[in-house]
1. Among the residues of segment 56-72, count how many are exposed (fewer than 13 other Cβ atoms within 10 Å of the Cβ) and either of a type in the set (A, V, I, L, M, F, W, C) or within 14 Å of Glu7 (Cα to Cα) (or both).
2. Could you tell me which numbered condition Ile38 fails, if it satisfies all but one of (1) free of Cβ contacts under 8 Å to residues at least 24 places away in the same chain; (2) surrounded by 11 or more Cβ atoms within 10 Å (Cβ to Cβ)?
3. Please tell me if Tyr108 is modelled with pLDDT of 85 or more and among the hydroxyl-bearing types (Ser, Thr, Tyr).
4. Looking at segment 6-32 only, could you name the residues that are in a loop (DSSP other than H, G, I, E, B) and not β-branched (Val, Ile, Thr)?
5. Give all pairs with beta carbons closer than 9 Å in which a residue from segment 11-28 that is among the acidic types (Asp, Glu) meets a residue that is part of a loop (DSSP other than H, G, I, E, B); count only pairs at least 6 apart in sequence or on separate chains.
6. Pick from segment 42-59 the residues that are free of Cβ contacts under 8 Å to residues at least 24 places away in the same chain and assigned to a loop (DSSP other than H, G, I, E, B): which of them is nearest to Gly71 (Cα to Cα)?
7. Do we find a residue being out of contact with any Leu (no Cβ under 6 Å at 6 or more places or on another chain) and part of a helix (DSSP H, G or I) anywhere in segment 63-82?
8. Within segment 89-105, can one find any residue that is touching a helix residue (DSSP H, G or I) at 6+ places or on another chain (Cβ under 9 Å) and either over 30 Å from Ile10 (Cβ atoms) or at pLDDT 75 or above (or both)?
Amino acid sequence: MNKELQEYIIKYIKPHKDFTDTINQHNLTKRINDDREIWGQKPVDARRVRKYIERLIELGYPIISTPHDPGGYCWGGRDGEALQCYKRLRRKAAKEFRKARHVLRNIYNGQLDLFSCREKVKNS
């Protein structure tokens with residue numbers, strides 16, 4: 001993990017303390033790239049920034065996100081906001097788990113042949 005990019009992300013998310021004052025991915029990427037341009041470094045894309053944020057969250061940094069207006073990231077959040085974020089992520093994970101379980105059941109029932117699906121994807 002690029003320590004410098006990690007520090008830029010933390011630097012720009014930290015001032016945003018709750019869901020009423022978030023920074024969205026586009027603005028975060030723009031600010032990071034403005035700084036990197038000053039120092040003569042290559043710009044980064046929004047996807048890379050998002051991946052770094054995911055990694056920072058896994059490492060235990062108190063970054064929370066919200067998809068609701070205005071949307072974006074904040075540092076820590078007020079009481080209840082982190083819990084709200086957790087519940088949203090838990091619902092999303094449960095939904096993905098149910099999808100995976102249906103796919104697995106279809107494979108076992110012979111309704112879906114995993115190997116033929118892989119061949120179709122490979123040949124397209």
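The values are calculated or read from the model by the stated rules, or taken from the named source; none is laboratory data. All values derive from a computational prediction rather than experimental measurement. So basically every Cβ, Gly included, is an ideal-geometry build from the backbone, and we count neighbours across all protein chains shown.
1. First, pick out the residues of segment 56-72 that are exposed (fewer than 13 other Cβ atoms within 10 Å of the Cβ): 58-60, 67-70.
Okay, now just the ones that are also either of a type in the set (A, V, I, L, M, F, W, C) or within 14 Å of Glu7 (Cα to Cα) (or both), so 59.
Number of matching residues: 1.
2. Checking Ile38 against (1) free of Cβ contacts under 8 Å to residues at least 24 places away in the same chain; (2) surrounded by 11 or more Cβ atoms within 10 Å (Cβ to Cβ), the one that fails is (2).
3. On the way: modelled with pLDDT of 85 or more: no; among the hydroxyl-bearing types (Ser, Thr, Tyr): yes.
When the stated conditions are applied, Tyr108 does not pass them.
4. Applying the first criterion (in a loop (DSSP other than H, G, I, E, B)) to segment 6-32 yields 14-17, 19-20, 22, 24.
Within segment 6-32, Lys14, Pro15, His16, Lys17, Phe19, Asn24 qualify.
5. Asp18/Gly76; Asp18/Gly77; Asp18/Arg78; Asp21/Pro15; Asp21/Pro70
6. Filtering first and then ranking leaves Asp45.
7. yes
8. Applying the first criterion (touching a helix residue (DSSP H, G or I) at 6+ places or on another chain (Cβ under 9 Å)) to segment 89-105 yields 103.
If we keep only those that are either over 30 Å from Ile10 (Cβ atoms) or at pLDDT 75 or above (or both) too, we end up with 103.
Scanning segment 89-105, I find at least one residue that is touching a helix residue (DSSP H, G or I) at 6+ places or on another chain (Cβ under 9 Å) and either over 30 Å from Ile10 (Cβ atoms) or at pLDDT 75 or above (or both), so the answer is yes.
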